[in-house]
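These notes concern the structure reproduced below.
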Amino acid sequence: MVDVSWHEADAYCRWLSDAAGAALRLPTEAEWEIAARGDDGRIYPWGDSYQPFHANINETFHNRGARYVGHTTPVDAHPPGASTFGALDMCGNMWEWCANTFENLADMIPQGLVRRATRGGSWHNAASTARAAYRIYGYPGDRRNNLGFRLLLDGA
């Protein structure tokens, strides 16, 4: 999903949880980072250096490669970029909302205007923002064509 606010992403998770009878939610930053970095703490999901065509980013920024698609791509478009856990597009394609606030990783307040953490970089950004540890924030009402979310199945 892309171009949805944090509130919309959270509401979708709650709706789908009820409909599916499973506990689905946004991941915390810590959960997101483990899925992206793997159990060996990689800088990128695929290793410790940027590799062209492993993520949908603006590779022409800082001459990291020749590719700039200029929009989101299907999740399975960059299989070499998979994390050690098999998660695709953890870096690049779109920034992803996380459950916690930006200032406090333990704070999961579901309402208000508190800045929320986002991870992953996007098709519009440079390789440096696609590092698994890189983080920025968005306000919970923000909607952008390079901002979305992924679901976490709680207890899986």
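The values are calculated or read from the model by the stated rules, or taken from the named source; none is laboratory data. Remember, it's a predicted structure, so these values are computed and weren't measured experimentally. Every residue, glycine as well, gets a Cβ built from its backbone with ideal geometry; the counts of neighbours run over all protein chains shown.
Considering only segment 16-50, how many residues are within 20 Å of Ile109 (Cβ to Cβ) and free of Cβ contacts under 8 Å to residues at least 12 places away in the same chain? It would help to see each step written out before you state the result.
Taking segment 16-50 and keeping what is within 20 Å of Ile109 (Cβ to Cβ), we get 17, 23-32.
Adding the requirement that they be free of Cβ contacts under 8 Å to residues at least 12 places away in the same chain leaves 17.
Here the count works out to 1.
Tell me whether segment 74-92 contains one or more residues that are of a type outside the set (Phe, Trp, Tyr), more than 13 Å from Thr28 (Cβ to Cβ) and touching a Cys at 6+ places or on another chain (Cβ under 8 Å).
In the first step, residues of segment 74-92 are kept if they are of a type outside the set (Phe, Trp, Tyr); the result is 74-84, 86-92.
Add one more test, that the residue is more than 13 Å from Thr28 (Cβ to Cβ), and what stays is 74-84, 86-92.
If we keep only those that are touching a Cys at 6+ places or on another chain (Cβ under 8 Å) too, we end up with 81.
The answer is yes, given that some residue of segment 74-92 is of a type outside the set (Phe, Trp, Tyr), more than 13 Å from Thr28 (Cβ to Cβ) and touching a Cys at 6+ places or on another chain (Cβ under 8 Å).
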Which of the residues spanning segment 98-156 are surrounded by 21 or more Cβ atoms within 10 Å (Cβ to Cβ), assigned to a strand (DSSP E or B) and not small (Gly, Ala, Ser)? Cys98, Asn100, Arg116, Thr118, Arg119, Leu147
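State yes or no: is Arg64 under 17 Å from His124 (Cβ atoms), out of contact with any His (no Cβ under 6 Å at 6 or more places or on another chain), in contact (Cβ under 8 Å) with a residue 24 or more places away in the chain and basic (Lys, Arg)? Don't jump to the end; show me each part of the working.
Values: under 17 Å from His124 (Cβ atoms): yes; out of contact with any His (no Cβ under 6 Å at 6 or more places or on another chain): yes; in contact (Cβ under 8 Å) with a residue 24 or more places away in the chain: yes; basic (Lys, Arg): yes.
Here the answer is yes, as Arg64 does meet what is asked.
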Could you check, for segment 1-9, whether at least one of its residues is more than 18 Å from Leu88 (Cβ to Cβ), surrounded by 18 or more Cβ atoms within 10 Å (Cβ to Cβ), small (Gly, Ala, Ser) and in contact (Cβ under 8 Å) with a residue 24 or more places away in the chain? yes
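Condition test on Arg67, is it part of a loop (DSSP other than H, G, I, E, B), modelled with pLDDT of 95 or more and more than 14 Å from the chain's Cα centre (by Cα)?
On the way: part of a loop (DSSP other than H, G, I, E, B): yes; modelled with pLDDT of 95 or more: no; more than 14 Å from the chain's Cα centre (by Cα): yes.
No.
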Matching residues, segment 1-21, being farther than 23 Å from Gly138 by Cβ and either modelled with pLDDT under 95 or in a helix (DSSP H, G or I) (or both): Asp18, Ala19, Ala20
Of (1) closer than 20 Å to Asp39 by Cα; (2) touching a residue at least 40 places away in the same chain (Cβ under 8 Å), Gly86 fails just (2)
